[in-house]
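First the structure, in the form of structure tokens, and then the observations on it.
The values are calculated or read from the model by the stated rules, or taken from the named source; none is laboratory data. Here the structure is a predicted model, which means the values were calculated and not measured. Glycine gets a Cβ as well: all are built from the backbone with ideal geometry, and neighbour counts include every protein chain shown. Calculation scope for accessible area: heavy atoms of the full protein, side chains included, ligands and nucleic acids excluded. Shrake-Rupley method; radii C 1.70, N 1.55, O 1.52, S 1.80 Å.
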Amino acid sequence: MAVAPKPEILAAFEAAKGFMPLGEGLALYEAALDAGRLGLPLLEVGTYCGRSAILLGAAAREAGVVALTLDHHRGSEEQQPGWEYHDPETVDPELGVMDTLPTFRRTLYRAGLEEHVVALVGRSPQIAKVWGTPLGLVFVDGGHTDEHANADYEGWAPHVAEGGLLVIHDVFPEPEDEFTGQAPYRIYLRALGSGAFTEVSATDSLRVLRRTRAGIREQG
Ligand code: SAH
Ligand code: MG
């Protein structure tokens, strides 16, 4: 049985800027509640303005764990000025470069979740490199180039505890459906091919995989 977030959480989610449709968001929330039973932190790669982080934070609060959300807050390639997903409101007027951190902090404050979400500000591979704690859930929603998606997979999938979940956004198996490339689809295939992850559910472009084995193999 699916458990829905509280109405005030749904309202905060709907009001937040970002790239997470409601249906996929509900699937993410459900996965986060499931993973929260392990009693380990939940981690998101790709905060942007905090839209999906609201759902992870709400699930973490329910489960009594912490949600971590990671971003350098300078935006992905397709969010830069002149590109399709650019939002001029995300530009720091003093520096003239993107900075989504202030919007994220407002979003989190308004959702009443500051105590349940920790922001990690920096590049995903740099943070992954110094990471040592097993995670109940890793949600990969960062950069969409192969370089970034592969680094997110390689950096974070090993930290998913056995029984925990690896969730990947923007998985488009059909090239004609994709809007920012198929790199997330390729890491989804890597995860399945590794022998360590088994698919739990698919909701539009959101895939939920469970870590069922310790060893992560590489395909040749
Ligand atoms: N989860 C968000 C959307 C994330 S958009 C939502 O619900 O709306 C992708 C984000 O990934 C961008 O904010 C971008 O700055 C970040 N990002 C891209 N590559 C990154 C990297 N290598 N390290 C850290 N953050 C990265
Ligand atoms: Mg996404």
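Treat each spin label as a single point 7 Å out from the Cα along the C-beta direction, and report the residue 80 to residue 118 distance in nm.
3.2 nm
Of all accessible surface on the chain at a 1.4 Å probe, what whole percent is carbon and sulfur?
Reported share for carbon and sulfur atoms: 53 percent.
To the nearest 20 debye, what is the magnitude of the charge dipole of the chain about its Cα centre, counting +1 on the Cβ of each Lys and Arg and -1 on the Cβ of each Asp and Glu?
Dipole about the Cα centre, nearest 20: 920 debye.
Determine the dipole magnitude for the stretch 21-111: charges of +1 sit on the beta-carbon of Lys and Arg, -1 on that of Asp and Glu, nothing else is charged, the reference point is the Cα centre, and the result goes in debye to the nearest 20.
480 debye
Determine the distance separating the Cα centre of the stretch 2-20 from the Cα centre of the stretch 112-161; give it in Å without decimals.
Using only Cα atoms to place each centre, the spacing works out to 22 Å.
Multiply the residue separation of residue 8 and residue 94 by 0.36 nm, subtract the distance between their alpha-carbon atoms, and state the gained length in nm to one decimal.
Full extension from residue 8 to residue 94 adds 27.6 nm.
Give the ranking of 131, 156, 83 by solvent-accessible surface, highest area first, calculated with a 1.4 Å probe.
83, 131, 156
Quick one: if you take sqrt(5λ) for each eigenvalue of the C-alpha gyration tensor of the stretch 42-111, what semi-axes come out, biggest first, whole angstrom?
25, 12, 9
Quick check for you: with a 1.4 Å probe and neighbouring chains kept, what is the accessible area per residue of the chain, in Å²?
About 47 Å² of surface per residue is accessible.
Sticking with the crude label model, points 7 Å out along Cα→Cβ, report the distance from residue 189 to residue 129 in nm, one decimal please.
2.9 nm
For the ranges 162-173, 93-104, what's the packing order if you count other beta-carbon atoms within 10 Å of each residue, average per peptide, and put the highest first?
162-173, 93-104
Beyond 28 Å, how much of the Cα-Cα pair distribution for the chain remains, as a whole percent?
Everything past 28 Å amounts to 22 percent.
Pop out the ³J(HN,Hα) list for the stretch 113-122 in order, Karplus 6.51 cos²θ - 1.76 cosθ + 1.60 with θ = phi - 60°, rounded to Hz; leave Gly and Pro as x.
So the J values, rounded to whole Hz, are 10, 4, 6, 10, 10, 10, 8, 10, 9, x.
Could you compute the FRET efficiency for residue 176 and residue 202, with r as their C-beta to C-beta distance and R0 at 30 Å, rounded to 0.05?
0.95
Near the amide H of residue 164, under 5 Å away, which other amide H atoms are found, from residues 5 or more places off or on another chain, if H is placed in the peptide plane?
211
Please give me, ordered by residue number, the chymotrypsin sites (Phe, Trp or Tyr not before Pro) of the stretch 159-212 that lie in loop per DSSP and have at most 16 other Cβ atoms within 10 Å.
In loop regions of the stretch 159-212 (DSSP not H, G, I, E or B), the sparsely surrounded chymotrypsin sites (Phe, Trp or Tyr not before Pro) are 179.
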